[in-house]
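Student: Attaching a single structure in structure tokens format; questions to follow.
The values are calculated or read from the model by the stated rules, or taken from the named source; none is laboratory data. None of the values given here were measured: they were computed from a predicted structure. Backbone-built Cβ (ideal geometry, glycine too); neighbour counts: all protein chains shown.
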Amino acid sequence: MNNLLTIFIAMVIVNNMVLAKFLGLCPFFGVSKKLSNAFSMGIAVTLVMLIASVSTSVIYNYILVPYKVKFMNIVIYILVIASLVQIVELIIKRTNIILYNALGIYLPLITTNCTVLGITLINSAENYSILESVVSALGAGIGFTLVLIIMSGIREKLDLADSPKSMRGLPVAFLVAALLALAFVGFNGMV
Amino acid sequence: MRNKILSNKAYPVVFLAVIVIVSVVLLIAVNGITSSIVESRKREEIKGILENIFPEMSQYELEDEVYIIYEDGERAGYAFIARGSGYGGDIDILVGLDNGFGIKGVSILSQTETPGVGSRITESLFTDQFKGLSASDIALKSEGGKIDAITGATISSRAVVDAIQKKMVEIIDTLEK
Amino acid sequence: MNDHKDRSNSKQPQSCHPQKQHVKDDKKSGSRFWKELAKGIVISNPVFILVLGLCPTLAITSSITNALGMSAGVIFVLLCSNIMISSIRKATPLMVRIPVFIVVIATFVTILSLVFEAYLPPLHKSLGIYLPLIVVNCINLGRAEAFASKNSVVLSAADALGIGLGFTIALIIISFLREILGTGSLEIFERQLFKLPGLFTHPLIFFISPPGAFLVIGTMMALFRLIGVIRGE
């Protein structure tokens with residue numbers, strides 16, 4: 001139990017997907033100013049991460065390792081993720097059309113989101129059991145959502161601020177990210 | 001004829017399937033070549049480290065998890081790999097035992113600890129401490145044992161100590177049977 | 001040539017979505033090879049202008065050795081997949097093209113990973129999970145969709161080389177800055193090139209850490225855009 005808690009906290013804060021591991025930067029910098037959209041995006045990604053982690057963990061532990069074909073993991077994981085995103089997209093389209101329209105192009109882009117493939121690769125690299133993979137994915141997803149929400153809140157203020165022309169938009173966002181990352185580095189000694 | 005194939009409803013699926021099959025075949029082929037290189041390199045590495053710990057070694061055998069070391073046909077000792085959880089990840093340690101189950105030598109195989117701090121567990125000033133000790137001595141001095149931790153790297157040091165102690169007891173148990 | 005100007009002020013990073021990557025093509029060949037190549041280096045620099053391939057960039061640029069290794073890897077994958085996808089473009093049904101691209105790219109990334117593991121183990125180890133993450137690097141899928149699936153093999157190869165070179169240059173600049181400032185010395189493939197006396201004893205470790213990466217890239221982006229603003233406007 002202690003180990004699971006450690007994994008969880010580590011993923012949320014210490015090894016935060018965006019600020020420490022540099023994954024999921026595209027949605028991070030492109031996040032909307034509306035907090036609800038940022039939150040929905042984060043939850044959608046977390047959900048995909050969870051399902052992907054479970055499926056890939058099962059495939060890894062019961063197929064790839066016993067049959068000594070670990071090297072197939074890249075191809076198989078990305079195909080699993082691509083199919084999952086398609087399915088999730090279909091489900092959201094059928095059940096909540098408003099959410100579907102709000103997420104727009106970003107939904108299919110979750111496939112190429114580094115966070116999802118990243119977490120499945122991390123789970124394999126650390127040889128996590130299925131339970132540990134779930135906890136790890138949950139932590140990673142929550143950490144990602146957290147950072148997305150923070151950035152979304154800052155976004156609004158950023159756009160209103162008066163910055164030099166070449167700094168406007170992304171460069172300033174990067175500097176903000178630098179400060180955020182710096183704050184999160186403070187969590188380093190925790191686990 | 002070409003258009004007939006292309007507009008066939010099953011064509012997209014078949015095309016994708018073909019691509020997947022080609023890719024799988026290609027990967028299995030490449031893996032076949034590279035894995036043997038990786039394997040032989042690992043064996044060379046282990047052999048080198050074993051020779052460091054047992055300079056007179058003439059050959060060795062791997063039985064389950066234990067390396068049996070021979071010097072001129074006589075059993076000279078054993079070796080095993082212990083794995084610990086360090087600050088930055090897994091730490092792999094090769095431990096050599098003499099015939100009396102005392103430690104002959106310790107070598108860190110791989111670690112990803114903090115450079116300049118935890119990574120100093122690889123230095124001989126740390127690993128030499130283990131020589132000659134029996135399983136009951138293997139603990140940090142602050143915890144009743146004989147090992148000095150590396151200053152500022154207690155977690156990494158403890159990880160090594162715990163890993164060695166645990167695995168050593170296990171292996172000695174197996175060997176005595 | 002004009003459509004990159006409105007991107008320089010856009011607030012969102014370019015996604016893998018092909019429409020946002022389109023740079024005007026004209027119909028001449030021959031010298032086009034070099035034109036496509038040059039294009040990828042400055043005008044459509046993948047990191048600083050198109051903002052593609054961010055994830056590995058930030059992580060890997062803490063050392064110039066890693067940056068070079070990663071660049072070589074990306075060029076390999078980009079080149080191979082562009083060529084492959086371009087050669088099957090006429091037979092590829094539109095409906096399954098994205099999965100096909102993904103499988104092709106994933107295959108080449110796996111080959112790269114296996115080769116590195118066998119012949120360059122220390123590099124393989126230090127690149128870690130960022131090596132397989134080349135698969136989701138928008139550069140590959142983006143160029144496949146935006147260019148390779150619509151152009152000849154030769155031009156696709158040129159595009160790959162150009163973008164790959166642009167990526168390499170960007171990575172080298174960033175890692176050079178981070179390594180010099182963060183460690184006070186420069187090391188390539190474990191051979192130390194030189195030390196800066198002041199910085200070596202008191203390195204600005206900030207730059208080796210994650211926040212430093214964000215800072216360096218943000219500054220470089222502003223710089224590249226400044227150059228664009230001065231020359232373009």
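Student: Suppose the filter is within 30 Å of residue C:183 (Cα to Cα), without any contact (Cβ under 8 Å) to a residue 24 or more places away in the chain and not charged (D, E, K, R); does residue B:110 pass it? Reasoning before the result, please.
Tutor: Numbers: within 30 Å of residue C:183 (Cα to Cα): yes; without any contact (Cβ under 8 Å) to a residue 24 or more places away in the chain: yes; not charged (D, E, K, R): yes.
So residue B:110 fits the description; yes.
Student: Still on this structure: Please work out if residue A:83 is of a type outside the set (Val, Ile, Thr), touching a Phe, Trp or Tyr at 6+ places or on another chain (Cβ under 6 Å) and within 10 Å of chain C (Cβ to nearest Cβ).
Tutor: no
Student: Six or more apart or on different chains, Cβ atoms under 7 Å: show the pairs whose first residue is in region B:135-150 and in a loop (DSSP other than H, G, I, E, B) and whose second is basic (Lys, Arg).
Tutor: Going by the 7 Å Cβ cut-off, the qualifying pairs are B:148/B:141; B:149/B:158; B:150/B:120.
Student: Kindly establish whether residue C:59 is touching a residue at least 24 places away in the same chain (Cβ under 8 Å), crowded, with 24+ Cβ neighbours inside 10 Å and of a type in the set (Gly, Ala, Ser). Step through it out loud before you land on a result.
Tutor: Working: touching a residue at least 24 places away in the same chain (Cβ under 8 Å): yes; crowded, with 24+ Cβ neighbours inside 10 Å: no; of a type in the set (Gly, Ala, Ser): yes.
It is false that residue C:59 is touching a residue at least 24 places away in the same chain (Cβ under 8 Å), crowded, with 24+ Cβ neighbours inside 10 Å and of a type in the set (Gly, Ala, Ser).
Student: Moving on. Answer with yes or no whether residue B:42 is within 14 Å of chain C (Cβ to nearest Cβ), without any contact (Cβ under 8 Å) to a residue 60 or more places away in the chain and not in a helix (DSSP H, G or I).
Tutor: Considered against the rule, which asks whether it is within 14 Å of chain C (Cβ to nearest Cβ), without any contact (Cβ under 8 Å) to a residue 60 or more places away in the chain and not in a helix (DSSP H, G or I), residue B:42 comes out as no.
Student: Among the residues of region A:27-40 satisfying the criterion of being crowded, with 19+ Cβ neighbours inside 10 Å and away from every other protein chain (no Cβ under 13 Å), which is farthest from residue A:98 (Cα to Cα)?
Tutor: It comes out as A:38.
Student: Select from region A:38-63 the residues that are without any contact (Cβ under 8 Å) to a residue 40 or more places away in the chain and among the hydrophobic types (A, V, I, L, M, F, W, C) and write down the one among them that is nearest to residue A:81 (Cα to Cα).
Tutor: That would be A:51.
Let's see how each residue does on (1) within 25 Å of residue B:87 (Cα to Cα); (2) assigned to a helix (DSSP H, G or I):
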{"site": "A:133", "(1), (2)": "yes, yes"}
{"site": "A:144", "(1), (2)": "yes, yes"}
{"site": "A:150", "(1), (2)": "no, yes"}
{"site": "A:156", "(1), (2)": "no, yes"}
{"site": "A:174", "(1), (2)": "no, yes"}
{"site": "A:180", "(1), (2)": "yes, yes"}
{"site": "A:187", "(1), (2)": "yes, no"}
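Student: Then there is this: Of all residues in region A:140-183, how many are of a type in the set (Gly, Ala, Ser) and at the interface with another protein chain (Cβ under 7 Å from one of its Cβ atoms)?
Tutor: Residues meeting the conditions: 5.
Student: Identify all residues within region B:114-134 that are surrounded by 18 or more Cβ atoms within 10 Å (Cβ to Cβ) and either outside any helix (DSSP H, G or I) or basic (Lys, Arg) (or both); write none if there are none.
Tutor: Within region B:114-134, B:120, B:133 qualify.
Student: Turning to a different aspect of this structure: Looking at A:120, A:112, which is the one that is surrounded by 22 or more Cβ atoms within 10 Å (Cβ to Cβ) and not in a helix (DSSP H, G or I)? Steps first, please.
Tutor: On the way: A:120 fails: not in a helix (DSSP H, G or I).
Unique residue meeting the criteria: A:112.
Student: What tally of residues in region B:53-70 results from selecting those that are out of contact with any helix residue (DSSP H, G or I) (no Cβ under 7 Å at 6 or more places or on another chain) and assigned to a strand (DSSP E or B)?
Tutor: Residues flagged as out of contact with any helix residue (DSSP H, G or I) (no Cβ under 7 Å at 6 or more places or on another chain) and assigned to a strand (DSSP E or B) within region B:53-70 amount to 6.
Student: Taking residue C:153, is it at pLDDT 85 or above and either at the interface with chain B (Cβ under 10 Å from one of its Cβ atoms) or more than 16 Å from the chain's Cα centre (by Cα) (or both)?
Tutor: yes
Student: Go through A:90, A:79, A:84, A:99 for me and flag whichever is within 30 Å of residue C:115 (Cβ to Cβ), among the hydrophobic types (A, V, I, L, M, F, W, C) and surrounded by fewer than 19 Cβ atoms within 10 Å (Cβ to Cβ).
Tutor: Details: A:90 fails: within 30 Å of residue C:115 (Cβ to Cβ); A:84 fails: surrounded by fewer than 19 Cβ atoms within 10 Å (Cβ to Cβ); A:99 fails: within 30 Å of residue C:115 (Cβ to Cβ).
Answer to the check: A:79.
Student: Looking at region C:119-133, I want the residues that are at positive phi and have a partner that is assigned to a helix (DSSP H, G or I) and modelled with pLDDT under 90 with Cβ atoms under 8 Å, at least 6 apart or on another chain. Which pairs are those?
Tutor: Listed by first residue and then by second, the contacts come to C:128/A:125.
Student: Another one. Could you check region C:89-115 and list, in sequence order, the residues that are more than 8 Å from every other protein chain (Cβ to nearest Cβ) and out of contact with any Asp or Glu (no Cβ under 9 Å at 6 or more places or on another chain)? It would help to see each step written out before you state the result.
Tutor: First pass over region C:89-115, keeping only residues more than 8 Å from every other protein chain (Cβ to nearest Cβ): C:89-90, C:94, C:97, C:101, C:105, C:108, C:112.
Selection gives C:89, C:90, C:94, C:105, C:108, C:112.
Student: What do you reckon, is residue B:11 facing another protein chain (nearest Cβ under 9 Å), of a type in the set (Ser, Thr, Tyr), surrounded by 16 or more Cβ atoms within 10 Å (Cβ to Cβ) and over 26 Å from residue C:116 (Cα atoms)?
Tutor: Yes, satisfied.
Student: Are there any helices (runs of 4 or more DSSP H) wholly within region C:67-167 with 2 or more residues that are surrounded by fewer than 21 Cβ atoms within 10 Å (Cβ to Cβ), and if so which?
Tutor: C:97-119, C:121-127
Student: Checking residue C:171 against (1) aliphatic (A, V, I, L, M); (2) touching a Ser or Thr at 6+ places or on another chain (Cβ under 6 Å); (3) not in a helix (DSSP H, G or I): exactly one of these is not met. Which one?
Tutor: Status for residue C:171: all satisfied but (3).
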